[in-house]
Amino acid sequence: MASKVEGFNFEQRHGKARVRVARVWRNKSDNIHSMVEWNVSISLLSDCVNSYVRDDNSDIVATDTMKNTVYVKAKECSEQLSAENFAILVARHFTSFYKQVTTAIVKIVEKPWERVLVNGQPHDHGFKLGSEKHTAEVTVQKSGVLKLTSGIEGLSVLKTTKSGFEGFIRDQYTALPETRERMLATEVTALWRYSYESVSSIPRNPLYFTERYLDVKKSLANTFFGPPKEGVYSASVQGTLFQMAKAVLNRFPDISSIQLKMPNIHFLPVNISSKENTIVKFNDDVFLPTDEPHGSIEASLSRFWSKM
């Protein structure tokens, strides 16, 4: 909210970024350990204008205090919980503990540690680093009003067939040939907003949003690939993106909107020849992987009543 300062509109916020914390839970009954590693960023909207215009810091929550709060709250969590629940916990602390703070925004990026399998058995305390990252961002107002968004970063998917691109605009600058047979690869970034509008309305299961994240990721991947034997044809990245977004909204009623970014990462056919002969003739087998330049495709899909 803007303040009137010396004849101007003035808006401000402050916070602490990239607070890294790891939390381990040890189940005494079966000695199985669970762990998470989070990168936490905090931004506070608060009534501390005097620190900017009058050299009066009496209303500032120090960013070092914010950092320490992350570790204190992690320590207090005796049971495993989702990144979303932890973000709400931290944000709610700042809006309830400090009268100056009107709104807290907490973003978490979870490092993808996965339990390892040894001889087909889940290891009690062994983990390996995966690829895609789970993200969460919450905005909590002092009244308890909530905006909750989750996401995926770096979901890399590829299929070697069942993809084409035809019928696009052709003009004097067009060199791309039409095809019904190509590789399709992308790195999905997804953001989805939940319909919960207050802190008190979220599910009580502390791992609900972790389970929902895994389910959404599975839905996105399954829609991209199609059935394991026959797959599903993609006429464009755009068409596949829409089907993926629609699958999520159709399956999960508590998700009100979803945004997908899916760059078209090209695998170019390799043809090599000299004046004398053909050295390599492409036969849907040898490709040159490239990551730039790449096509940039993104879109959002929402229910009519969504606020996204």
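The values are calculated or read from the model by the stated rules, or taken from the named source; none is laboratory data. Quantities reported herein were computed from a predicted structural model and do not represent experimental measurements. FYI the Cβ positions are ideal-geometry reconstructions off the backbone, even for glycines, and counts take in every protein chain you see. Keep in mind that these areas ignore ligands, DNA and RNA; they rest on the heavy atoms of the full protein, side chains included. Shrake-Rupley method; radii C 1.70, N 1.55, O 1.52, S 1.80 Å.
Numbers for the structure displayed
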{"quantity": "Relative contact order %, the chain, counting alpha carbon pairs below 8 Å whose residues are six or more apart", "calculated": "13 percent"}
{"quantity": "Calculated log₁₀ intensity ratio I(q)/I(0) where the Debye formula runs over C-alpha points of the chain, q = 0.10, 0.11, 0.13 Å⁻¹", "calculated": "-0.73, -0.84, -1.04"}
{"quantity": "Interchain or long-range residues, amide H under 5 Å from residue 297's placed H", "calculated": "262, 264"}
{"quantity": "Charge dipole of the chain about the Cα centre (unit charges at C-beta), most positive-ward option of 96, 272, 255", "calculated": "96"}
{"quantity": "Net charge over other residues, Cβ less than 15 angstrom from the Cβ of residue 210 (K, R count +1; D, E count -1)", "calculated": "-1"}
{"quantity": "Mean-position separation - Cα centroids, the stretch 83-152 and the stretch 208-262, in angstrom", "calculated": "22 Å"}
{"quantity": "Only Lys, Arg (+1) and Asp, Glu (-1) charged, at Cβ; the stretch 150-308 dipole about Cα centre in debye", "calculated": "520 debye"}
{"quantity": "Test item: Cα-centred dipole of the chain, Lys/Arg +1 and Asp/Glu -1 on Cβ, debye", "calculated": "660 debye"}
{"quantity": "Full-stretch length increase - residue 79, residue 179 - with 0.36 nm per residue and alpha-carbon distance subtracted", "calculated": "30.7 nm"}
{"quantity": "Residues with amide H under 5 Å from that of residue 163, placed H, sequence gap 5 or more", "calculated": "182, 234"}
{"quantity": "The stretch 1-156: Cα Rg divided by the 2.2 N^0.38 Å rule of thumb", "calculated": "1.25"}
{"quantity": "Table column - 3J(HN,Hα) (Hz), the stretch 264-280, Karplus curve with 6.51, -1.76, 1.60, x for Gly and Pro", "calculated": "8, 8, 7, 10, 8, x, 9, 10, 10, 8, 10, 5, 8, 7, 8, 8, 10"}
{"quantity": "Charge dipole of the chain about the Cα centre (unit charges at C-beta), most positive-ward option of 127, 203, 12", "calculated": "203"}
{"quantity": "Choice from 87, 245, 235 showing the highest fluctuation, given a GNM over the chain with Cα pairs closer than 10 Å", "calculated": "235"}
{"quantity": "Two-site FRET efficiency, residue 31 against residue 131, from Cβ-Cβ distance with R₀ of 30 Å, rounded to 0.05", "calculated": "0.60"}
{"quantity": "Over the stretch 40-121: Rg over Rh, Cα atoms, Kirkwood Rh", "calculated": "1.15"}
{"quantity": "Reach of residue 128 by Cα under 24 Å, taken over lysines that are not fewer than 8 positions away in the same chain", "calculated": "28, 75, 107, 111, 217, 218"}
{"quantity": "Largest to smallest principal axis extent of the C-alpha atoms in the stretch 169-308, angstrom", "calculated": "75, 35, 25"}
{"quantity": "Carbon plus sulfur fraction of accessible area for the chain, probe 1.4 Å, in percent", "calculated": "51 percent"}
{"quantity": "Where the stretch 86-196 is the region considered: accessible area per residue in Å², 1.4 Å probe", "calculated": "51 Å²"}
{"quantity": "Cross-link partners of residue 281 among lysines (Cα-Cα below 30 Å; sequence separation of 8 or more within a chain)", "calculated": "159, 162, 229"}
{"quantity": "Theoretical gain in end-to-end length, residue 5 to residue 271 [0.36 nm per residue, Cα-Cα removed]", "calculated": "89.2 nm"}
{"quantity": "Additional length obtainable on full extension of the chain from residue 280 to residue 222, 0.36 nm per residue less Cα span", "calculated": "17.4 nm"}
